[in-house]
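The values are calculated or read from the model by the stated rules, or taken from the named source; none is laboratory data. The structure displayed is predicted, hence computed values, not measured ones. Quick reminder, even Gly has a Cβ in these numbers, built from the backbone with ideal geometry, and neighbours come from all protein chains shown. SASA here: full protein model, heavy atoms, side chains in, ligands and nucleic acids out. Shrake-Rupley method; radii C 1.70, N 1.55, O 1.52, S 1.80 Å.
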Amino acid sequence: MLKFIRGKGQQPSAERQKLQRELFAFRKTVQHGFPHKPTALAWDPALRLLAIGTATGSVKVFGKPGVEFYGQHTNHDSSVTQLVFLPNEGRIVSLCDDNSLHLWEINEGCLEEVKSQALEGKLKKISAVCLESACEHLLLGTEGGNIYLLNLKTFEMADTIIYQDVVMQNVPEDYKINPGAVEAIAEQPGNPDRILIGYNRGLMVLWDRKTPGAEQTYISTQQLESVCWHKSGSRFASSHNDGSYAIWDASVGERPSEEPTTVYGPFPCKAVTKLLWRHAKKDDYMVFAGGMPRASYSDRHTITVQHGKRHVVFDFTSKVIDFFTVAIDPDDREFDEPEALIVLLEEELLAIDLLADDWRMLSLPYLVSLHASAVTCSQHISGVPQDLWQNIMLAGKKQTQDLYSDREWPVTGGKILGDATEGGEKASRELLLTGHEDGTVRFWDASGIALQPLYKFGSAQLFSGEEIAIEGSNGAPDEEEDEDEWPPFRKVGAFDPYSDDPRLAVKKVALCPMSGTLVVAGTAGSVIVAKINSDSVDKEVEVTPMNIVLDRDGFVWKGHDQLTPRGGTLSFAPGFQPNSLFQLHPPAAITALALHAEWGLVAAGTAHGLALFDYIRRKGVLTKCTLNPNDLSGAGDAPISRRKSFKKSLRESFRRLRKGRSTRQADKRGAHSTSPTAVTPTDPRKKDGLEEVAEDMAAEAGEEAAEGEVEAVEQRSSMGAGDAVSSSSAGPGGLSPLEAKPVERQVEARPVDDSLGSMVRCLYFAKTFLITVQMMTATMWAGTNNGTVFVFTVTIPSGARRTEEDVSCQLGKEIQLKHRAPVIGIAVIDGTNSPLPEPYVTEKGSSKQQDSPHRVVICSEEQFKIFTLPSLKPFCKFKLTAHEGARVRRMGIAQFTTAGGQHSESCLVCLTNLGDCIVLSVPELRRQLNAAVIRREDINGISSLTFTRRGQALYLHSSSELQRVTLSATSITQPRCRLELPDGARESASGERDTDEEDEDTEDDEEERKIEGREVSAPSPTAQEQQDSAPVVNGGTTDLEGSDDKTDEPRENGMTGGTSDEDRHDMSALSVGDITIDSVKDHLFSTSGAEESRVSELKSSASSTMVTTTTATTEKLEQQQQSVVVRTTTTVISSTTSGTVTNETATVNSTGHTPDIAVVESSPPADGPPATHILNEISSRKAPLAKMEDLEMEPSITAAVTADV
């Protein structure tokens, strides 16, 4: 109790709180890779911008490398079907599949939606869009056959409507019945008053809008797909669903000027979905998609380019979404000769250089397909030396020198602001390594905004087999084209989702940048060690077998066989060249990998144990089997463990049910509730006991394979940002907030005989004090799935003896975590609380070795614990699962620095299975920041996250996209760019929207808030005191992207608005002693943005709920038959029984009946922002029950020191 009282006085000082704001801040910064499920493409020839819309409602605009703008429709379920640029205005109109139109503007580095319009009715479903050359109206063709005009100045529908009945007056009788939907609209070049209207059934009409009347009628016998005018305006082309296209003379009606051309006939062909006719000085270009023979090539995704006698069919590996050509001179009135063809496919973006003799692909500076083969692992490397960087660049260029054109990327719009990382010497060279399903490791330049491919290492070249295709230099496939093939196909693109052999998949990858050593570990127990080399080499790679289960005679492996190494001398191109290969037996997937290039050692772990390999002498040093002696059935080949009997499960479920009932009865009698995060019995979200029993039974019947990904959803729902409104039912006997006692979730002890407990989860090399304080020892640490940590001492011969004598390794110490949670990560920190330097860093003078006392951080799934070295005495611990129900999935140590560089500190960063990133100070383990980064349902995103050393992280936002986030206030990689529009480009919309004055009016108010899209909570007490402190539910949300803060930096690029799980930003739960005026003020302001969307939820779940509003600006929304105020800027939940609030605030007294929502408004002070009040928010509620596999006994750690003689 004394420690509990003493802990309440340890509040962070004002200086520390200020320092926190300078060090920590969460924000989503930039997205790398290819957009997921693209659906629309647009091109602005004046500003040279490219836009892509997706099925999830996002709009992305790209210019030169480093110029990116993001926008998101409010309706995430509505896909973008068409995009139309307003040339030279920095505006874009999007059409969604819900028939809504949206106007976007690029303002100050961000893409903003400024207006929207919708057409209602089935017959008004928009089927074709055409922009006037004057950019005054957007012509909207509908399925009903009418054409509507959208005024782009006001973004309202114009009164003028081109009715189908009027157009049909001069049409032959056969087509007057129903010509179908409007399939295409195109304005005649040089005559803006005339438009060509194409209907679905093949009828086309040249309509004069000035007269108005039909000038000419054109009749096709085939269903129409698209139309395209010739640059002269005297002819046009139409494409049809039978695979043909026709050329028409605009002055001659009814029939085409020549017979329709079916390029790949005479047999039935697929539709030509889009056609472009480009007028060049020598020969015209005809570019069209589709048209392949149905019988032979109906499954091909193609675009045909015809230019004189040249004829190429570009064969893609995914569906064609849209395409356009980039003109050499957009202002040329006579010709529109193309220089490049840009094609948007379902899985990648491609550009073809039409000026080159062989029509090669252009190298993409961004939007490169990350998932050309599925990503299986990733690793971020910072501080890459110049020589290694140059060698990787040169090797990558040699791989692609015959694949890509040397011409510059044609999309060059926008301007990069300030000291952008693009276009100059990069301050910090960063690499991202991605392992793939086909056995390749790809190197990416992750230093700036654009993620650019540098090099590809292929591991398949070392193995032979019928399934494995022989590849050329380091994974570049050899291509041979058949000159006589018809159609003349040419395979292009990098997307190849098929793997030759699933055993090739890369599971772990490690790189030492100082020595240029790469280690690649695969699915079949193979580990490749490669070194960088700038010359081609022919050599034989020696294979070293290592048997982990050599001492287990009864072991039987039931999994896949190992890959067959390729024998003989192999040729290796410049780049990373394999030096050695060791093969583990059993050939299970590698689960952990560690490299120490200075010692010349590689450690690899599997589900059966670990192996230590000396790649300098190409000899095995140690194998350690971690299998339980009683379990020789072969761990690793049984993914699901049924460890509890159904009878035992049912018995424990009913025991918990009875315990829950007794707790409820005690609560009704006014007994003290011990959990600040429980749900009261009146809460509609509360589940009854039978549901819990059913859940437990289902979980024990086979859902354990999910590894507890949803173990604390109910716990999270009461702690999350959007669910902060909860009822308070504390009676006269209830405790005041400061008297509330902390509660720990009961966490069940894990079984000792778990068949998956032998899996090695982490490996770590460190030179530290393990035996005595006077002498540092080379050590290897290994953590397993059942909470065991093995510490090995490694003896390495020095100097010239290194290549002559063997390395020795023996077990020095063994630690067993009593709660037996899997060990996620291990790190040794020095006396300055910094991680130990990387290999060769001390030798090259980049860092100084610290000789002061070391400590080791051991991170399990459930808690963090710090031990002193060499005594291994517990120093500090932080229990995550017991208090919050979350489990750790990733751990790292990052350096956080203030803007001026005056102060920096190393902190522990971790990711939980609920998608939260937590920053803890070292060694006190005080929480500095808690940010909701990934949606809890996004298991792939959570499992793919990798931390950087500067407080950033990258994770797979989708299968093809990486999202970069930062937890640091200063280490930010985000687009800093803008558009430079010509004078008067937006005069047409003057007066329609002027936000500058509004922004200036709110600038002072926002300056005082100092939220800037983030909130840094005061640190929690030290971890030793954590169990005695009652956490307070911090229900505030900070809408990072939606904040209107005006700072010296450019505004946050894209990621607009929303209160979804992915966008929410809830800060860490504070202890009662940490509530200060600043923290409450930040909390109140952070709740304001989410209140509007929360009130409707309050009304439905407001039984026994009391809502009191402080003095704030309140607006009434006029609604029919309603007089409820539904919008307020600040809401605070009071748990006191009297419900009395002073200082100009109204009260609502809580009674026994169920009240409606009461919202009371009061006028704000005239001289500034609304006043805030410090209100304590703690409800006396009952703790939710944990799932059985999450229950544990009081965690503790016993260190068993074993002497290996």
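Can you list the strands (runs of 3 or more DSSP E) found entirely within region 775-837 that contain at least 1 residues being modelled with pLDDT of 90 or more and farther than 30 Å from Glu862 by Cα?
Once the strands (runs of 3 or more DSSP E) in region 775-837 are filtered for at least 1 residues that are modelled with pLDDT of 90 or more and farther than 30 Å from Glu862 by Cα, what remains is 788-795, 808-817.
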> Does region 420-431 include one or more residues that are modelled with pLDDT of 90 or more, within 27 Å of Ser958 (Cβ to Cβ) and in a helix (DSSP H, G or I)?
Replying inline: no
> Restricting attention to region 439-454, which residues are open to solvent by less than 10 Å² (accessible area, probe 1.4 Å) and either farther than 30 Å from Thr966 by Cβ or touching a helix residue (DSSP H, G or I) at 6+ places or on another chain (Cβ under 8 Å) (or both)?
Replying inline: Gly439, Thr440, Phe443
>> If I ask for residues that are open to solvent by 10 Å² or more (accessible area, probe 1.4 Å) and under 11 Å from Val760 (Cα atoms), which ones from region 608-627 would you list?
In response: Lys624, Cys625, Thr626
> Does Ile52 count as over 24 Å from the mean Cα position of the chain (by Cα) and not in a loop (DSSP other than H, G, I, E, B)?
Replying inline: no
>> Please count how many residues of region 878-919 are over 20 Å from the mean Cα position of the chain (by Cα), among the charged types (D, E, K, R) and in a strand (DSSP E or B).
In response: 2
> When region 62-90 is examined, which residues are found to be open to solvent by less than 10 Å² (accessible area, probe 1.4 Å) and either within 20 Å of Leu152 (Cα to Cα) or in a loop (DSSP other than H, G, I, E, B) (or both)?
Replying inline: Gly63, Gly66, Val67, Gly71, His73, Ser78, Val80, Leu86, Gly90
>> I'd like to check which strands (runs of 3 or more DSSP E) are fully inside region 186-261 and have at least 3 residues that are farther than 30 Å from His301 by Cα.
In response: 203-208, 213-219
> Out of all the residues in region 270-289, which are more than 43 Å from the chain's Cα centre (by Cα) and of a type in the set (Gly, Ala, Ser)?
Replying inline: Ala280
> Can you name the number of the only condition in (1) in a helix (DSSP H, G or I); (2) modelled with pLDDT of 95 or more that Lys397 fails?
Replying inline: (2)
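If we keep just the residues of region 542-592 that are more than 16 Å from Val519 (Cα to Cα), among the charged types (D, E, K, R) and touching a residue at least 12 places away in the same chain (Cβ under 8 Å), which is least open to solvent (accessible area, probe 1.4 Å)?
Arg552
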> What is the residue count in region 228-241 for residues that are over 19 Å from His307 (Cα atoms) and surrounded by 20 or more Cβ atoms within 10 Å (Cβ to Cβ)?
Replying inline: 1
> So is Ala289 in contact (Cβ under 8 Å) with a residue 12 or more places away in the chain and over 16 Å from Ser239 (Cβ atoms) or not?
Replying inline: no
>> Quick check on region 374-394. Is at least one of its residues closer than 30 Å to Glu339 by Cα and either buried (at least 18 other Cβ atoms within 10 Å of the Cβ) or of a type in the set (S, T, N, Q) (or both)?
In response: no
> Within region 933-957, which residues are more than 17 Å from Ser447 (Cα to Cα), touching a Ser or Thr at 6+ places or on another chain (Cβ under 9 Å), outside any loop (DSSP other than H, G, I, E, B) and in contact (Cβ under 8 Å) with a residue 40 or more places away in the chain?
Replying inline: Ile942, Ser944, Leu956
> Is one or more of the residues making up region 507-527 more than 33 Å from the chain's Cα centre (by Cα), open to solvent by 40 Å² or more (accessible area, probe 1.4 Å) and farther than 16 Å from Gly609 by Cα?
Replying inline: no
> Which of (1) at pLDDT below 95; (2) surrounded by 20 or more Cβ atoms within 10 Å (Cβ to Cβ); (3) at negative phi does Lys848 not meet, given it meets every other one?
Replying inline: (2)
> Looking only at strands (runs of 3 or more DSSP E) that fall completely inside region 482-537, which ones have 3 or more residues that are at pLDDT below 95?
Replying inline: 489-491
> For region 30-58, how many residues are on the phi > 0 side of the Ramachandran plot and either of a type in the set (A, V, I, L, M) or touching a residue at least 60 places away in the same chain (Cβ under 8 Å) (or both)?
Replying inline: 3
> Within region 558-568, is even one residue under 27 Å from Glu838 (Cα atoms), in a loop (DSSP other than H, G, I, E, B) and either among the small types (Gly, Ala, Ser) or at pLDDT below 95 (or both)?
Replying inline: no
> Quick one: how many residues across region 864-921 are free of Cβ contacts under 8 Å to residues at least 24 places away in the same chain and of a type in the set (Lys, Arg)?
Replying inline: 1
>> Can you tell me which condition Thr142 does not meet? The list is (1) crowded, with 21+ Cβ neighbours inside 10 Å; (2) hydroxyl-bearing (Ser, Thr, Tyr); (3) under 21 Å from Lys231 (Cα atoms), and all the others hold.
In response: (3)
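If you scan region 95-120, which residues turn out to be in a loop (DSSP other than H, G, I, E, B), closer than 21 Å to Ala985 by Cα and open to solvent by 50 Å² or more (accessible area, probe 1.4 Å)?
Matches in region 95-120: Glu108 only.
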